[in-house]
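Asker: Have a look at this one before I ask anything.
Every read-out reported here was derived from the displayed coordinates using simple, explicitly stated rules and does not represent laboratory data. Bear in mind that the values here come from a model prediction, so they are computed numbers and not experimental data. A quick note on method: Cβ atoms are made from the backbone with ideal geometry, for glycine too, and the neighbour counts reach across all protein chains shown.
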Amino acid sequence: MKIFHDSSLSHVTGSSEYVDDRPFLQGELQVGVLYSPWARAKIKKIDMQEALKIPGVVGIFTAKDFHHNVWGSIFQDQPLIADQEVNFVGEVVAVIAAENKTALTKAKDTISVKYEKLTAVLSLEEARRKKNYIGPERKIERGCIDSVFSQNQTQNQYQILEDQLTIQGADHFYLENQVAVAYPKEMDQIEVHSSSQHPTEVQHVVAHSLGLNSKDVVCIVKRMGGAFGGKESQAAPFAAYAALVAHKLKRSARLVLSKDDDMIITGKRNPFQNHYRVAFDSTGKIQGLDVQMFSDGGAFADLSTSIMERAMLHLDNAYFIPHIRIRGQVCRTNFHPHTAFRGFGAPKGVATIEQIIEKIALILNKDALEIRKLNCYTSKEGRDKTPYEQKVENNCLPELFEKLEKKCDYWNRRKKITQHNQSLFKNPFKKNLNSQLYGLSLTPVKFGIAFTTQFLNQGNALVHVHRDGSVQCSTGATEMGQGVNTKIAQLISEELGVPHHHIRIMPTSTDKNANTSPTAASSGTDLNGMAAVLAARKIKQRLNELASQLSLENSSKEIKFSDLVNEAYLKRISLSDYAHYQVPGLNFNKITGEGSAFSYFTQGVAASEVCIDIATGQVKVLQVDILMDLGRPLNKEIDWGQISGAFVQGMGWVTTENLFYSSEGKLLSHSPSTYKIPNIQDTPRIFNIDFFENNENTLNIRGSKAVGEPPLLLALSVWTAIQDALKRSISLPASSELILKTLVKNWGSSYEF
Amino acid sequence: MRDYILFYINGERHEVRGKFAGMMLADYLRYVRGLTGTKIVCSEGDCGACSVLRLNSMDLQKKTKAFFEPINSCITLVAKMDGSSIVTVEGLAEENLSPVQKSLVTFNGTQCGFCTPGFAITLTGLVEKKIQTCTRNEKVSKLANKKNSEKNNEEINEKEVKNSLTGNLCRCTGYQPILNAATSIDLTQCSSLKNRYFTPSQKQDLLKSQNKSIQISEKHFSYFAGTSIKAASDYLMKHKNTKIIGAGTDLGVLSNKNKIDLTHIISLHLIYELHELKKIQGNRFRVGASVTLNELRHAVLETIPEFAQLLNIFASPQIKNVATLVGNVANASPIGDTLPFLLVTNSVIHIVGPKGIRKVKIEEFYLDYKKTSLKKAEFISAIEFDIPKKDENLALYKNSQRKDLDISCLNSAFRLKWKNENTRQIQHIQIAYGGVGPVPLRLYKTENIFTDQILTETLLEKAIKEMHAEISPQSDVRGSSSYRHILAENYFRKYMSSLL
């Protein structure tokens, strides 16, 4: 039976409640932020006297108004409000509270901040030159990479390729901008409603910044209007601003960012620059790979060091590389602090190895798919271990390649495309302006499931069975559209034998589920679903005992669930329970770069065909075929939507989404009129998504596999298909400008630019 | 004269007075009426989350049918809703979900749900159009077909869905589930919203109001909508700091971003003649200031298909349902989509001022970046342009980062008349580019190279050199200068290769 998203009915009628849909309370204040126009500057003076006189302006707060003006998910290094110095365009320097939006706007224009501009670091290169680093360099190493290259100097067994790949960031573009409402409660307590993937962190940041205990702060998350990682850490400061106003003025306070402000203030996917040297033999088999990854962390650490770790852990993607060294260093610049975005670092690692393979194919004049299959992990001893020495268990990759290659008719399409493109390449560029080039590429993903920070791999859940037999459950998971609540309801339904519509998953609230992990790393259902099942199981055990006792007493074989529940109540048996779940078997050591980093791998393959307009460089995605291993999917419809959504989101990252900064470090593409996420016309003309049957993932709940992030990485097949069409490598994103210039440059023409 | 705006929301009559008339419709719906289903995301008409359906009773004065069409409520002033019936997402379901809503649920067309109200609204707009443009006979035959075929959803096709949803962004689903939902809507189960939200009595009430001008005068807000050009002109004379608001799709954005103040405004929507779109002198169109781009597209579909095609990829359906050609001209952006076309079709702008009407050639209208020859207290009443003849050769090109609903990086128009088509002798050619300088540009020097000449490769190469010399594109967020040079040349060659 199909089970629909548990909010779909309220979504389509517009009755779903998001934070800014909450009714205004009497006296509720509007909160706004004033932010730095400079990438780096000293704050000489903030003069707010005139602004405070504006009718409707109730309060203006600066750094000194927080009890502790510092936060940070990994390192506590970021001021909530800039104090003395600003370090990126968009860094908040003052928080304004007003009766209405007009007063708020006026106040922003009236507050005068005197800055003294300082030299800013506005490129990764410069940060590296200045050794502006965040955290230590990390390393994963296996075999003897140096000797591969040094031996080759005398023996010349391998071809060596040395190059680098530049990867740009991307904006999350969740539809619901950052938002928070804070209510002051008696005895200095605060209740804050936030659009956050991490209510526990919001609670902690609010309490810490206001000098309160965690017991005095409750953070509630009903749902988010999209998040994609952008609300994992970065929802917290906005909640803190609203809470500051509520705490100081004892009035409800609401902060709603505009899309422009949201895009200017908040961090993006980290840009990366990856330098590599690779040794491969004449068949295309990779013998050794030495990679140095640098990421732009922005002005503060945020989650960048963890993101780098995941990038490093995914550099191998689906490929066994005997000798390998991966080094990663986060750099500090004067951009907004970059942060989590679906895939975390993994897309940047995978993009690198996939481009290396494209290049090897070009050099050897072979089809890239052959190189991919040749290097793929196999179950053979010796070719089944990742660079961090975790065995790739339940490896379906070879089979996935084989199945999709057949299903999408790869080789016949390849033949046609080659013929067509070759016929065009014979002519001069300017004679082809009414033609299109085609490209085809099939890429895999092997995505490790677990937080690489071990302590986050835990979840908890609270289940109440009510006397009418209906069930409420709350967990640490937050709903952002991914369907975690629907899946948890399904799991409880199966566990208790209660229809799923008798189960309601309640808003995430830190007074019900404390010390929770962010809903991130695709792990929402894995962690919280398991905890919910464990809690329900405890109740079930008690009910089972009661049932057998009852059937002994009055020999009747059947009893309605609600009757049993009611009977339990009357017998004073607890109908509620709580459970905690800890993911077993993880032992990755970040310092040595060795150990089991993941509990299992979600795998998949995608084949994409693109067509490039030669006159403009514009790309159309003609056909995409995806084959995904999700073990035994919990809800195929929801998972299908996760795959199509992640893929199209990834397509945007690799093609049209361009972050354009001024030479002063200000983001200029800060709204949808200039920042182009995929639109319905950009979706693949033919879009086939299939599930690979895999009943062998015994490690995870009900044999399922996490789905949120992995399919995003499959969109790299669109990027590699573009390179296939161009017969040239290209950086990321492959914008139409870049594509056209690549064409013009390499097709011997008279153009000068 | 009245001192209020009259419109209906989900069938409920609203007379809006005072400064509320100066609110954006989305804010009014959400924060005054508590209808929070309508969402605000970008405040610039680029995402569609704020979409509501609007039936403009004024349309009935121009044509026999008026439809509920989607518009962006976040950039639309309440004042501009005068005479309209509005339906928000809260008004779609009756006792049960509407077929559109049901389909979105069944096909998992919603994830986080924030864009969903906009999609439900826009799809309902498509359904409204479909069920009303189907003639009765078609309906009957389709019903009959339905019995014979297993598939009962052939009535909405994928292309229609994509074209109607160009103005709605979704970041979760990848659109495929929404497409599946839309193409599966069972039209035979759909009944028009008009039955509930444009009943004969509502219709009459709204139409009656449209004969009366509106004046709202408060200290911090004033609004005037007269019923004649003269009344509007007189008002502007007396109130020189008043902004003229056409559709407001540009001014609304600027106001949302605090770049302008929309506190003293005048609207032309009650002036009947400005809604007129007429063929004049047999070979020209005259397009009134209130004619929407959607209406224009319909009007030129047969006569200037190239222009209609360009209008297809202009902005979004929500914008085109309200935005006007005159607005695109008055906005004076160097990359306005319609401007290269207007530059090659001898367009003349009718400007109303205190001394009556003056006519200005479009080439002389643009003075500098975003500066026009429009003076205070003047407004554009209409634009006229050529309908290119069948023996002329017209081509229009637009390039943008994303093909649909994106502002141009570069656009261009070519119009050529042969002296002798057989010998490839050109009489003259008109060439215009947008995005190559501070104003949209006619390339006179390049044009002259072709005049009376026989088209050859050598001539083409010479002209391309001249073209590069004539344009001076900048680098900005939409593309670099060098990219624009390449595009300019490629479009030139593309066009010429079709003639050579």
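Asker: What are the aspartates and glutamates whose alpha-carbon lies under 16 Å from the alpha-carbon of A:K130, with same-chain residues fewer than 8 places away excluded?
Answerer: Excluding near neighbours in sequence, the set is A:D296.
Asker: Right, here's the next one. Across the Cα atoms of the protein assembly as shown, what radius of gyration and what greatest pairwise Cα-Cα distance (Dmax) are found, in Å?
Answerer: My reading of the Cα-based Rg and Dmax gives 31.4, 109 Å.
Asker: Just to compare against my own numbers: the Cα pair-distance distribution for the range A:236-388, 10 Å bins, whole % per bin, please.
Answerer: P(r) for the range A:236-388, in whole percents per bin: 11, 31, 25, 16, 10, 6, 2, 0.
Asker: Taking only the C-alpha atoms, wrap a convex hull around the range A:12-123 and report its volume per residue in Å³ as a whole number.
Answerer: Taking the convex hull of the Cα positions in the range A:12-123, it is 169 Å³ per residue.
Asker: Using only Cα atoms, locate the centre of the range A:1-57 and the centre of the range A:326-364, then give the distance between them in Å, rounded to an integer.
Answerer: After rounding, the separation between the Cα centres reads 34 Å.
Asker: Return the distance in nm (one decimal) between the two label points of a simple spin-label model at A:K636 and B:N346, each offset 7 Å from Cα along Cα→Cβ.
Answerer: Distance between the two pseudo-spin positions: 6.5 nm.
Asker: While we're here: Could you please tell me the mean projected area of the C-alpha convex hull for the range A:508-659, averaged over all directions and given in square nanometres to one decimal?
Answerer: Its average projected convex-hull area is 16.4 nm².
Asker: What do the square roots of 5 times the Cα gyration tensor eigenvalues come to for the range A:299-366, in whole Å, largest first, as semi-axes of the equivalent ellipsoid?
Answerer: 27, 13, 11
Asker: Exceeding 20 Å between C-alpha atoms, which entries from my cross-link table qualify? They are A:K45/A:K259; A:K64/A:K248; A:K44/A:K248; A:K42/A:K268.
Answerer: Cα-Cα > 20 Å for A:K45/A:K259; A:K44/A:K248; A:K42/A:K268; rest within.
Asker: Then there's this: With a cut-off of 14 Å, note down the residues of the range A:668-704 whose backbone N falls inside the zone around a label point 7 Å from the Cα of A:R537 toward its beta carbon.
Answerer: Within reach of a label on A:R537, which here means backbone N under 14 Å from a point 7 Å along Cα→Cβ, the range A:668-704 contributes A:699-703.
Asker: Hey, which lysines would be in cross-link range of B:K370, C-alpha to C-alpha under 23 Å, not counting anything within fewer than 8 residues on its own chain?
Answerer: B:K240, B:K243, B:K257, B:K259, B:K320, B:K359, B:K361, B:K398
Asker: When the helix-only estimate is applied to chain B (DSSP H runs of n ≥ 4, each -39,500 (n - 2.57), divided by the residue count), what is the mean residue ellipticity at 222 nm, nearest 500 deg cm²/dmol?
Answerer: -9000 deg cm²/dmol
Asker: Next question. If we restrict to alpha carbons, what Rg and Dmax does the range A:408-460 come to, in Å?
Answerer: In order Rg, Dmax, the Cα atoms of the range A:408-460 give 21.9, 64 Å.
Asker: Cross-link candidates for A:K407: which aspartates and glutamates have Cα within less than 19 Å, leaving aside residues fewer than 8 places away along the same chain?
Answerer: Cross-link targets: A:D367, A:E370, A:E399, A:E609, A:D625, A:D629, A:D690, A:E693.
Asker: Please state, as a whole number in µm²/s, the translational diffusion coefficient that the Stokes-Einstein equation yields for the range B:2-53 at 25 °C and 0.890 mPa s, with Rh defined as the Kirkwood radius across alpha carbon pairs.
Answerer: On the way: Rh = 11.9 Å.
Using the Kirkwood radius from Cα pairs, D works out to 206 µm²/s.
Asker: Suppose the Debye formula is applied to equal point scatterers at every Cα of the range B:1-120; what is log10 I(q)/I(0) at q = 0.16, 0.18, 0.20 Å⁻¹?
Answerer: Each listed q maps to, in turn, -0.78, -0.96, -1.14.
Asker: For A:E737, A:E693, which order do you get if you count the other beta carbons within 10 Å of each Cβ and list the fewest first? Please list the in-between numbers first.
Answerer: On the way: A:E737 22, A:E693 10.
Placing the least packed residue first, the sequence is A:E693, A:E737.
Asker: Another question about this same structure. Could you give the DSSP H helices of chain A that reach 24 angstrom or more along their long axis (alpha carbon positions) and whose average Kyte-Doolittle hydropathy is no lower than -0.5?
Answerer: Qualifying helices: A:346-364, A:530-554, A:636-654.
Asker: No solvent, one uniform scatterer per C-alpha: report log10 I(q)/I(0) for the range A:207-247 via the Debye equation at q = 0.32 1/Å, two decimals.
Answerer: Those come out to -1.20, one per q.
Asker: While we're on this one: So how much slack lies between B:N241 and B:V32, counting 0.36 nm per residue of separation and subtracting their Cα-Cα distance, in nm? Present the calculation step by step, with values, prior to reporting the outcome.
Answerer: Values: separation 209, 0.36 × 209 = 75.24 nm, distance 2.82 nm.
Answer, rounded to one decimal: 72.4 nm.
Asker: For chain A, what does the helix formula give at 222 nm: sum of -39500 (n - 2.57) over DSSP H segments with n ≥ 4, over the residue count, nearest 500 deg cm²/dmol?
Answerer: Helices in chain A give a 222 nm mean residue ellipticity of -9500 deg cm²/dmol.
Asker: How big is the charge dipole of chain B about its Cα centre, in debye rounded to the nearest 20, if each Lys and Arg gets +1 on its Cβ and each Asp and Glu gets -1 on its Cβ?
Answerer: 780
Asker: A further question follows. Could you state the per residue volume, in Å³, of the convex hull enclosing the Cα atoms of the range A:630-718?
Answerer: 129
Asker: I've got another one for you. What whole number of Å gives the distance from the Cα centroid of the range A:217-295 to the Cα centroid of the range A:571-591?
Answerer: Answer, in whole Å: 28.
Asker: Let me ask something else. How far is helix B:481-497 tilted, in degrees, relative to the longest principal axis of the Cα atoms in chain B, given as a value from 0 to 90 rounded to the nearest 10?
Answerer: Helix B:481-497 sits at roughly 80 degrees to that axis.
Asker: If you don't mind, another one. Would you mind ranking B:T122, B:T199 by Cβ crowding within 10 Å, fewest neighbours first?
Answerer: Result, fewest neighbours first: B:T199, B:T122.
Asker: Still on this structure, I have one more. For every other residue with a beta carbon closer than 10 angstrom to the beta carbon of B:H269, add +1 if it is Lys or Arg and -1 if Asp or Glu, then tell me the sum.
Answerer: That works out to 0.
Asker: Here is a further query. Picking from A:P322, A:N177, B:L339, whose Cα lies most toward the positive end of the charge dipole for the protein assembly as shown (charges on Cβ: Lys, Arg +1; Asp, Glu -1)?
Answerer: Farthest towards the positive end: B:L339.
Asker: Specify which residue in the list B:S209, A:A514, A:L369 is farthest towards the positive end of the charge dipole of the protein assembly as shown, using unit charges on the beta carbon of Lys, Arg (+1) and Asp, Glu (-1), about the Cα centre.
Answerer: B:S209
Asker: Give the calculated FRET efficiency between A:R467 and A:Q26 to the nearest 0.05, with a Förster radius of 30 Å applied to their Cβ-Cβ distance. Present the calculation step by step, with values, prior to reporting the outcome.
Answerer: Working: r = 36 Å, r/R0 = 1.21.
After rounding, the FRET efficiency stands at 0.25.
Asker: Let me ask something additional. How high is the FRET efficiency between B:S192 and B:K159 when r is their beta carbon distance and R₀ equals 25 Å, given to the nearest 0.05? Mind showing how you got there, number by number?
Answerer: On the way: r = 23 Å, r/R0 = 0.92.
With a Förster radius of 25 Å, E is 0.65.
Asker: Please identify which residues in the range A:321-342 have an amide N closer than 15 Å to a label point set 7 Å out from the Cα of A:S147, following the Cα→Cβ vector.
Answerer: A:322-325
Asker: Evaluate the charge dipole of the range A:186-291 about its Cα centre and quote only its size in Debye, nearest 20, assuming +1 on the Cβ of each Lys and Arg and -1 on the Cβ of each Asp and Glu. Spell out each step's value before the answer.
Answerer: Numbers: 13 positive and 11 negative charges, 45 e Å.
Computed charge dipole of the range A:186-291: roughly 220 debye.
Asker: Would you compute, for the Cα atoms of the range A:365-485, the largest minus smallest coordinate along each principal axis and list the three values in descending order, in whole Å?
Answerer: So the extents along the principal axes, rounded to whole Å, are 77, 43, 27.
Asker: Roughly speaking, what is the stretch gain from A:Q155 to A:D188, that is 0.36 nm per residue apart minus the C-alpha to C-alpha distance, in nm to one decimal?
Answerer: Full extension from A:Q155 to A:D188 adds 4.5 nm.
Asker: Go ahead and run the numbers for FRET between B:E94 and B:K465, Cβ-Cβ distance against an R0 of 45 Å, rounding to 0.05.
Answerer: Details: r = 66 Å, r/R0 = 1.47.
Step by step, r from the Cβ atoms, then E = 0.10.
Asker: Only four residue types carry charge here, +1 at the Cβ of Lys and Arg and -1 at the Cβ of Asp and Glu. Report the dipole size of the protein assembly as shown about the Cα centre in Debye, rounded to the nearest 20.
Answerer: Rounded to the nearest 20 debye, it is 2520 debye.
Asker: How big is the gap, in Å, between the Cα center of the range A:109-166 and the Cα center of the range A:400-475?
Answerer: Going from one Cα centre to the other spans 29 Å.
Asker: Could you line up B:M496, B:M23 from fewest to most neighbouring Cβ atoms inside 10 Å?
Answerer: B:M23, B:M496
Asker: Would you mind estimating how fast chain B diffuses translationally, via Stokes-Einstein at 4 °C and 1.567 mPa s with the Kirkwood radius over Cα pairs, in µm²/s?
Answerer: 54
Asker: Can you pick out the pairs among A:K373/A:K741; A:K348/A:K590; A:K385/A:K620; A:K108/B:K375 whose Cα atoms lie more than 26 Å from each other?
Answerer: Where the Cα-Cα span goes over 26 Å, the pairs concerned are A:K373/A:K741; A:K385/A:K620; A:K108/B:K375.
Asker: While we're looking at this one, here's another question. Between A:E17 and A:A514, how many nm apart are label points set 7 Å from Cα along the C-beta direction?
Answerer: Result for the modelled spin labels: 2.5 nm.
Asker: Let me ask something else. Quickly work out the A:M1-to-A:N566 label distance, labels modelled 7 Å from Cα along the C-beta direction, and quote it in nm with one decimal.
Answerer: Spacing of the two 7 Å Cα→Cβ label points: 2.3 nm.
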